[in-house]
Amino acid sequence: MNRVERPARPGPRSRIVHIGLPKTGTSAVQRSMFAAREALAEHGVVSVARNHHPYRAARAAAGEPLPFLREEGERDWRQLSGDFARSVAPVTYLSAESLAGAPEERVRAIVEDLGGDLQVVVTLRALAPLLRSRWQASIIKGGRRSLENWLQVVLAPGASGLERWSVPAVLDRWGPVVGEDRLLFVVPDPADPEDLLRHFEALLGVPEHTLAPPDWDNRGMPFTVYEMLRQFNAAQAEQGVEDEVRAARLRHQVMRSVRAVPGLSAAPVPVPRWAAEEANTVAQGWIERLRHSSATVAGDVGALLVDPAPLPERVAQPASISVRDAGQLAHAMHRSGVVQADRDARAGEPRGEGLGLRDLSGLLRRRLARRSAR
């Protein structure tokens, strides 16, 4: 392992691909860079993506295209990778965290599509809070497991979910293709919210503060909100709701609305002590693997560990919510339904009031048929 305080300035014709890991500040970096794209271009840094995160294209490249959008995703990837391969900018940059989970055969295809000679950047953070963020994301996507149960499953020996998005997985899948010495792992200072941006400025060779924190609220919500959504997901499953696309949209609309609610009084999601201890054991294995690799690490790998002593031994799911917060969340749910209904109306579809499950399923099938015919 080659340890540095900051990434080295890029050489001529640098080709940089940032692949995550998920929940390590990738969205903040992507949004900051997209907002600063004109300033970056003045310094010779060009991002080939047409939005902050080419999610559909990256999923297709990794071999996991979005449902019903395979052709669109593959088309987007061909265009994106072609633009990257043909770029003659001093620094060409692409960020897509979905690429981190690609199997080795897909990694080889990705590198070939991008033209080879890449520097691959992987962002890291302490595993214990990262797992909390992943549980929160699982609830937004429709998950129904409690925090404790989810952690038990993910931290079980040999669990594939954690292993797939890990330092050893990146070394094993990307190292043989691009070379371990072309892998850069960035570990920002957890006490400095902007340290990750300073690392990327050094990586791109631009002045400090070229990148600013995004004007975007991606903070975690209170534990009670995630429990409410978890119960909502469970109720949908129990009632056999078939319109999963619509349900997913509603969940995302709810989260957007809830983030706009000022002063929710509930506490954030805690990490149980036992899980932090297990996560530290896993993270220590990551650190040892890095130390025996030829990859470069920018930052302190010790930041991948946390002190479990102040954490609660166990965590119980919330059983109640304040009347004030309940009213705010009810308003957020109502607002989300109105937003979705307005979108349906603009698309020329019925709003859905009074429709039964069979009618809603038919509505979904018609939408998917039109989408696949595009």
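Looking at region 104-144, which of its residues are of a type outside the set (D, E, K, R), modelled with pLDDT under 95 and outside any helix (DSSP H, G or I)? If the condition is that a residue be of a type outside the set (D, E, K, R), modelled with pLDDT under 95 and outside any helix (DSSP H, G or I), then 116, 142, 143 are the ones that fit. Pairs linking a residue in region 60-83 that is in contact (Cβ under 8 Å) with a residue 24 or more places away in the chain and under 21 Å from residue 18 (Cβ atoms) to a residue that is open to solvent by 10 Å² or more (accessible area, probe 1.4 Å) and not aliphatic (A, V, I, L, M), with Cβ atoms under 6 Å and 6 or more positions apart or on different chains, are 61/77; 62/98; 62/106; 63/106; 80/54; 81/113.
The residue list 71, 64 contains one member that is in a loop (DSSP other than H, G, I, E, B) and over 28 Å from residue 300 (Cα atoms), which is 64. Within the bounds of region 211-221, is there any residue that is aromatic (Phe, Trp, Tyr) and at pLDDT below 90? Yes: one or more hits.
For region 18-58, the tally of residues that are open to solvent by 20 Å² or more (accessible area, probe 1.4 Å) and either on the phi > 0 side of the Ramachandran plot or part of a helix (DSSP H, G or I) (or both) stands at 14.
Going through (1) within 23 Å of residue 9 (Cβ to Cβ); (2) hydroxyl-bearing (Ser, Thr, Tyr); (3) open to solvent by less than 10 Å² (accessible area, probe 1.4 Å) one by one, residue 81 falls short only on (1). Suppose the filter is of a type in the set (A, V, I, L, M, F, W, C) and closer than 23 Å to residue 117 by Cα; does residue 177 pass it? Yes, satisfied. Per the conditions (1) without any contact (Cβ under 8 Å) to a residue 60 or more places away in the chain; (2) more than 25 Å from residue 170 (Cα to Cα), the sole criterion not satisfied by residue 88 is (1). Every condition in (1) in contact (Cβ under 8 Å) with a residue 24 or more places away in the chain; (2) in contact with a strand residue (DSSP E or B) (Cβ under 7 Å, 6 or more places away or on another chain); (3) open to solvent by 60 Å² or more (accessible area, probe 1.4 Å) holds for residue 9 except the one numbered (2).
In region 279-305, the residue that is most open to solvent (accessible area, probe 1.4 Å) out of those that are among the polar types (S, T, N, Q) and closer than 18 Å to residue 121 by Cα is 294.
Across region 196-221, the qualifying residues are those that are among the acidic types (Asp, Glu) and closer than 16 Å to residue 27 by Cβ, and the one among them that is farthest from the chain's Cα centre (by Cα) is 215.
Scanning region 295-349 for residues that are part of a loop (DSSP other than H, G, I, E, B) and touching a Gly at 6+ places or on another chain (Cβ under 8 Å) yields a single hit, 295.
Every condition in (1) in contact (Cβ under 8 Å) with a residue 60 or more places away in the chain; (2) under 30 Å from residue 12 (Cβ atoms) holds for residue 130 except the one numbered (2). Within region 315-342, take every residue that is of a type in the set (Ser, Thr, Tyr) and surrounded by 12 or more Cβ atoms within 10 Å (Cβ to Cβ) and give me the one that is nearest to residue 140 (Cα to Cα). Among residues in region 315-342 that are of a type in the set (Ser, Thr, Tyr) and surrounded by 12 or more Cβ atoms within 10 Å (Cβ to Cβ), the one nearest to residue 140 (Cα to Cα) is 336. Of the residues in region 268-278, at least one is modelled with pLDDT under 90 and open to solvent by 50 Å² or more (accessible area, probe 1.4 Å).
The values are calculated or read from the model by the stated rules, or taken from the named source; none is laboratory data. This one's a predicted model, so the numbers in the text were calculated from it and none came from an experiment. Ideal geometry is used to build each Cβ from the backbone, glycine not excepted, and the neighbour counts take in all protein chains shown. Note: areas computed on protein heavy atoms with side chains; ligands, DNA, RNA excluded. Shrake-Rupley method; radii C 1.70, N 1.55, O 1.52, S 1.80 Å.
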